[in-house]
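Accompanying notes for the structure given below.
The values are calculated or read from the model by the stated rules, or taken from the named source; none is laboratory data. Because the structure is a prediction, the values reported are computed rather than measured. Note that each Cβ is placed from the backbone with ideal geometry, even for glycine, and that neighbours are counted across all protein chains shown.
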Amino acid sequence: MQKKKILLVEDNPDDVELTLRAFRKNNIANEVVVAQDGIEALDYLFGTGKYAGRDVEELPSVILLDLKLPGLDGLEVLKRLRSNELTKLLPVVILTSSREERDIITGYDLGCNSYVRKPVNFIEFTEAVNNLGIYWLLLNEPPKHYKK
Amino acid sequence: MTDTNSSNHYGNHKPSMHSKGDIRIVKGEVETLQGLPEFLNHKSEKHRTIYTVFKGLLESRRLNQLFRDFHQMVGVPVAIIDLAANVLASSRWQRLCTDFHRANPGTCARCVESDTELANQLKAGSRFTMYRCKNGLTDCASPIVIEGEHVANLFIGQFLLTRPNRVFFIKQAKDFAFQVDEYMEALDEVPVVEEFRIPAIMSFLVHFAQLVASMGLEKLHALEVEEQSGQRLKEQVEKRTFALKRQAKELQKEITNRRQAEEALRTAGAYNRSLIEASLDPLVTIGPDGKITDVNAATEKITGHPRGELIGTDFSIYFTDEVKARAGYQQAFREGIIRDYALELKHREGRLTPVLYNASVFKDETGRVAGVFAAARDITERKEAEKEIYLLNESLELRVAQRTEELVIKSSELKSSQLALMNIVEDLNLKSAELEQLNKSLQEEIKHRKAAQEEASWLNNDLVKQKLALEAINRELEAFSYSVSHDLRAPLRAIDGFSQALLEDYGGSLDKEADNYLNRIRAASQRMGHLIDDILNLSRLSRFELRIEDVNLSSLAQTVIGELREAQPDRAVEVVIQGDVTARGDARLLRIALENLLGNAWKFSSLNSLPKIEFGSLAEKNPSVYFVRDNGVGFDMAYAEKLFIPFQRLHSAQEFPGTGVGLATVWRIIARHKGRIWAESEPGRGAIFYFTL
């Protein structure tokens, strides 16, 4: 069985680097696919654009989704995922800088599974990423939504 | 007076057609008599009547015979002559006059002359006149006055007062060529009347004539009276007849009326009976003894007794409450009427009917009270309806109460949301105060300068532009704040993160100084992260929707202290929290306020060896005054004004970490609750923060 993948949707390369570092620091060796904007994320998930021909049934274990993205923003991506049969049950964790209440509410309203704010303090950030990995990759039992 | 014939100078005497002494006829014709002498035309009515009657009496043959007998007996001719010289009655004339003097023109002229003179003497008013005529004879005349009217004259004459002078008469015979022998023989026939006898003769004759006339007139008067009374009688009879006829007519009319009335009564009686029978209301008549005298079909139906059974029985026995029923009709007899008298009728099979009685007395022809007429109205349906209404009302009340309760709850909810809304409005007002001011001035401008509409429209355009600009600014602000929360933190995270990476990955190859710098970079970036969070929180407070509810400040304070103890478990701080301090407000905001106030107390008391923090409310203050007291470093009241201004700090960050936004945030929260906050302190002696809500 293939290792569970993580889809990181993040436009800021610093944040990508820091997130990957945090994974490494926590000995999380799962493949992390990075999408730099919303369109790319959807292309990856639905096998379109530059990901055309990808086996769409091969879904990531969890999506770490930033909200503030160029073009299609995170909440819009979430909406599209939840309205698609293939991805409607896919675990999505919103990982973002803001703690705006309307974002939190809208996020949960659209069906995200968690909302995590990225702390400025990198030690805290690493801790948060570690917790996410443990939870979503080890503890959480995803729904059996794969077509065999 | 010397003539006897109709052809004499007394003229045109014609015997009257009515000379039979029939006075009645004479009288009736007085006025229409065509042959009435002309001389009477100027006489009075009375005179003409008397004359006519008198003339009629004299014309009877019997009076002429009487005068002839008088002439035979006394030898003196008599005549009654009217004032126009008509002979009304006379005896036989002397032959000497008729055959000789009147036959000869010479002597006849003397006769006329003599008569005229005699009449003139009477006209002069003398009662009695004697005259010796020109031919040697003597005449006498006297007026006949009846009832004061001189109607005629009485004449006697053609006699001699003394033995005749034969020489004179022979000479006269010769003068006028009469046959002397014959003339003298005629003379010898003329009587000699001694003068002293003449007045008696005249008086006798005049009185006789007057007597005859008076008698006639009396008879006439009597007749007139008789006629008049007859007329009166006739009139009375006619009157009486007329009255009787009228009475008879009225009687007939009365009879007709009565017949019609009787007929109407008969019809009305039948009609009334049919009405009574048709009535759905039970109707009865009751005699003064309380016995039923008549009933209608409805009564039979409601009691179940036939008419025959009901009549003659006591009215009251058909009711559940006999005493009340009896009292009812007794009241009707006593007072003449009863209204809506409630009773309950019994059917023979036991069924009961609630009724209302209305009754009044009726009278016989003589006006005596004959009985009571009572009508019952079945009110079963009404009673049921009343019951139903009562039940409906009851359930309605219940529903109203429930609904009211719901409404009270709803209205309190509404009030809360209204308050929240008011707060939003207040914030909006702050932002649009400038806008309103412009709007106001614009409206005034429009009022005063209608003519300058173009200008006004320019202004309006400006205003719209400004409004749009304001809205754009608002949007920008929001976007800015959103952007700040996302984008400003990302670089800080990178600075901190990569500094940490350097320390972790290259820590060994850097000296202590380098490590120190990297740590400072991290601390600075983290402080800036806090600053950004605080600024964002502060700016959010204005947009925050208040949810006013009852808040237990005591337990909120307990929670906050608990968190502080958790964050710094090594610090021992005495905390006194007054129990059950409550307030109305937004729990989330009040928590933030307490976090800041208690956090400050916690922080600024850290240098005290026996730190103490108190929370509570001042006794008996309205509105409630809450306080947070510490025994920390305190501050100089000279700077008290700066306490609540954002980013203003009274202590250095080295001494006490902080962003300077905390108390500004508290002030904003208290302001949003329409409360007030102030502080009292002295350097080194702690501080007390008071606030109201």
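Structure notes:
- Checked against (1) over 22 Å from A:Gly74 (Cα atoms); (2) out of contact with any Ser or Thr (no Cβ under 8 Å at 6 or more places or on another chain), A:Asn26 meets all criteria but (2).
Residues are listed down the side, and each one gets a yes or a no for (1) part of a helix (DSSP H, G or I); (2) under 19 Å from B:Arg377 (Cβ atoms); (3) within 46 Å of the chain's Cα centre (by Cα):
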site	(1), (2), (3)
B:Ile255	yes, no, yes
B:Ala268	yes, no, yes
B:Ser274	yes, no, yes
B:Thr285	no, yes, yes
B:Thr293	no, no, yes
B:Ile302	yes, yes, yes
B:Gly312	no, no, no
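- Every residue from the stretch B:380-426 that is small (Gly, Ala, Ser) and either loosely packed, with under 11 Cβ neighbours inside 10 Å or closer than 16 Å to B:Glu549 by Cβ (or both): B:Ser395, B:Ala401, B:Ser411, B:Ser412, B:Ser416, B:Ser417, B:Ala420
- Qualifying residue in the stretch B:544-564 (condition: touching a residue at least 24 places away in the same chain (Cβ under 8 Å), within 12 Å of another protein chain (Cβ to nearest Cβ) and either out of contact with any strand residue (DSSP E or B) (no Cβ under 9 Å at 6 or more places or on another chain) or surrounded by 19 or more Cβ atoms within 10 Å (Cβ to Cβ) (or both)): yes
- Pairs with Cβ under 8 Å, 6+ apart, first in the stretch B:489-500 and more than 7 Å from chain A (Cβ to nearest Cβ) and under 14 Å from A:Lys118 (Cβ atoms), second hydroxyl-bearing (Ser, Thr, Tyr) and part of a helix (DSSP H, G or I): B:Ile495/B:Ser525
- Taking the stretch A:1-58 as the range and being in contact with a Gly (Cβ under 8 Å, 6 or more places away or on another chain), within 19 Å of A:Val93 (Cα to Cα) and basic (Lys, Arg) as the test, only A:Arg21 passes.
- Candidates A:Val77, A:Val32, A:Val56, filtered to the one that is away from chain B (no Cβ under 14 Å), of a type outside the set (Ser, Thr, Tyr) and within 21 Å of B:Ala479 (Cβ to Cβ): A:Val77
A quick yes/no check of all residues on (1) more than 10 Å from chain A (Cβ to nearest Cβ); (2) outside any helix (DSSP H, G or I); (3) at pLDDT 80 or above; (4) in contact with a strand residue (DSSP E or B) (Cβ under 7 Å, 6 or more places away or on another chain):
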| site | (1), (2), (3), (4) |
| --- | --- |
| B:Ala451 | yes, yes, no, no |
| B:Trp458 | yes, no, no, no |
| B:Lys467 | yes, no, yes, no |
| B:Glu471 | yes, no, no, no |
| B:Tyr482 | no, no, no, no |
| B:Tyr506 | yes, no, yes, no |
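Okay, residues lined up against (1) farther than 22 Å from B:Ser539 by Cα; (2) not in a strand (DSSP E or B):
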residue	(1), (2)
B:Val628	yes, no
B:Lys642	no, yes
B:His651	yes, yes
B:Glu655	yes, yes
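- In a residue-by-residue description of the stretch A:127-147, the property of being crowded, with 17+ Cβ neighbours inside 10 Å, more than 14 Å from every other protein chain (Cβ to nearest Cβ), under 29 Å from B:Asp487 (Cα atoms) and of a type in the set (Gly, Ala, Ser) applies to at least one position.
- Those residues of the stretch A:107-126 which are small (Gly, Ala, Ser) and within 14 Å of another protein chain (Cβ to nearest Cβ), in sequence order: A:Gly107
- Residue within the stretch A:62-76 that is touching a residue at least 40 places away in the same chain (Cβ under 8 Å) and part of a helix (DSSP H, G or I) present: yes
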